[in-house]
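Colleague: Let me give you the structure first, and then I'll get to my questions.
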Amino acid sequence: MKSHADYLQGCDDPEYHQYIEQRFEYFESRNRRLLNDTLRDYELSLSVNSSVYLVIINLSRHIKYSAQFEPIETVKLKIGRAFEHAKEMSREQQIAGDVYDGFSTENHYIDIARAWIAYREGDINGVSEELHNAINDVDSALLGAFGPDFDLVRQFYRDGYIEQVVAYIKKTESFWSGKRPDALRSAWLDMIEAGCKIQFDSVDVIKAEQLGVSAINAEEALGVN
């Protein structure tokens, strides 16, 4: 399907800019809710004496939201707590975790949290390093299916750190593959080249087509036709 611009001014259309701002507000509201939801899940897993492995999963997921909103020292304490829980694991649990995905998902979330800390401290080189760490040697069925975390990338791109964002997007090719991930990467890179605002969500494939900056058939790429 040939691309077409439903927005009269393409990426410069004020209506599109307003839409993106609304999406940013949505993502922040969602993540604040998930901050509380994931904390509840972690605390529940502790109270019912769940396996240490499940406790670590819940805590690491919470930490990536904690890093966005809570005091930095609080986040660092929670990261330390995750490693304390890891020390509690039996040899059998450690082996099971290594066999499953080498704790890639949990490590990914912790590295993303560290990237948020660097961002909030103004350490841009540290952000790039931790984002690199977050997807370096990833071997996770979960991340391979649903993709890596893009919350900080969304903010980083909004602040103008284009080169770092492009490097992150391209590096995801090492473990996140298939028609849908390829379509998303292509749409994002096309939008970046065109100077578009981006929400880093699957809807971007549709928006790129509407804005006239990508020739991707959105319905086919997203498997909704």
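The values are calculated or read from the model by the stated rules, or taken from the named source; none is laboratory data. Here the structure is a predicted model, which means the values were calculated and not measured. Using ideal geometry, Cβ is built from the backbone for each residue, glycine included, and neighbour counts are taken over all protein chains shown.
Colleague: Could you check, for region 147-166, whether at least one of its residues is farther than 30 Å from Leu77 by Cβ and either touching a helix residue (DSSP H, G or I) at 6+ places or on another chain (Cβ under 8 Å) or in contact (Cβ under 8 Å) with a residue 60 or more places away in the chain (or both)? Break it down stepwise before answering.
Modeller: Taking region 147-166 and keeping what is farther than 30 Å from Leu77 by Cβ, we get 160, 162-163, 166.
Filter once more, so that each one left must be either touching a helix residue (DSSP H, G or I) at 6+ places or on another chain (Cβ under 8 Å) or in contact (Cβ under 8 Å) with a residue 60 or more places away in the chain (or both): 162, 166.
For region 147-166, residues farther than 30 Å from Leu77 by Cβ and either touching a helix residue (DSSP H, G or I) at 6+ places or on another chain (Cβ under 8 Å) or in contact (Cβ under 8 Å) with a residue 60 or more places away in the chain (or both): present.
Colleague: Could you figure out which of (1) modelled with pLDDT of 95 or more; (2) more than 25 Å from Phe69 (Cβ to Cβ) isn't true of Gly97?
Modeller: (1) is the only condition that Gly97 fails.
Colleague: Related question: Asn49 is checked against (1) surrounded by 16 or more Cβ atoms within 10 Å (Cβ to Cβ); (2) not in a helix (DSSP H, G or I) and fails just one. What number does that condition carry?
Modeller: Condition not satisfied by Asn49: (1).
Residue-wise test of (1) at pLDDT 95 or above; (2) farther than 21 Å from Asp201 by Cβ.
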{"position": "Asp13", "(1), (2)": "no, no"}
{"position": "Arg30", "(1), (2)": "yes, no"}
{"position": "Arg40", "(1), (2)": "yes, yes"}
{"position": "Tyr53", "(1), (2)": "no, yes"}
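Colleague: Give me the pairs, please: first residue somewhere in region 71-87 and among the polar types (S, T, N, Q), second residue anywhere and modelled with pLDDT of 95 or more, beta-carbon distance under 8 Å, and either six or more positions apart or on two chains.
Modeller: Thr74/Ser66
Colleague: Would a scan of region 65-73 turn up a residue that is surrounded by fewer than 18 Cβ atoms within 10 Å (Cβ to Cβ) and β-branched (Val, Ile, Thr)?
Modeller: yes
Colleague: Sticking with this one: Tell me the residue from Ala167, Ala115 that is surrounded by fewer than 21 Cβ atoms within 10 Å (Cβ to Cβ) and at pLDDT 90 or above, please.
Modeller: On the way: Ala115 fails: surrounded by fewer than 21 Cβ atoms within 10 Å (Cβ to Cβ).
None of the other options fit; the residue is Ala167.
Colleague: Let me ask something additional. Quick one: in region 135-158, which of the residues that are modelled with pLDDT under 90 and part of a helix (DSSP H, G or I) is nearest to Trp116 (Cα to Cα)? Spell out the reasoning first.
Modeller: Step one: filter region 135-158 for residues modelled with pLDDT under 90, giving 135-148.
Restricting the remaining residues to those that are part of a helix (DSSP H, G or I) gives 141-146.
Working: Ala141: 24, Leu142: 22, Leu143: 19, Gly144: 22, Ala145: 23, Phe146: 21 Å.
My answer is Leu143.
Colleague: Is it the case that Ser128 is modelled with pLDDT under 95, closer than 24 Å to Glu21 by Cα, polar (S, T, N, Q) and assigned to a helix (DSSP H, G or I)?
Modeller: no
Colleague: Any idea how many residues of region 45-70 are of a type in the set (A, V, I, L, M) and free of Cβ contacts under 8 Å to residues at least 12 places away in the same chain? Step through it out loud before you land on a result.
Modeller: Residues of region 45-70 that are of a type in the set (A, V, I, L, M), as a first pass: 46, 48, 52, 54-57, 59, 63, 67.
Narrowing further to those that are free of Cβ contacts under 8 Å to residues at least 12 places away in the same chain: 46, 48, 54.
Selection size over region 45-70: 3.
Colleague: How many of the residues in region 151-178 are over 18 Å from Ile124 (Cα atoms) and out of contact with any Asp or Glu (no Cβ under 8 Å at 6 or more places or on another chain)?
Modeller: First pass over region 151-178, keeping only residues over 18 Å from Ile124 (Cα atoms): 170-178.
Next, only the ones that are out of contact with any Asp or Glu (no Cβ under 8 Å at 6 or more places or on another chain) stay: 170-174, 176-178.
Number satisfying all stated conditions: 8.
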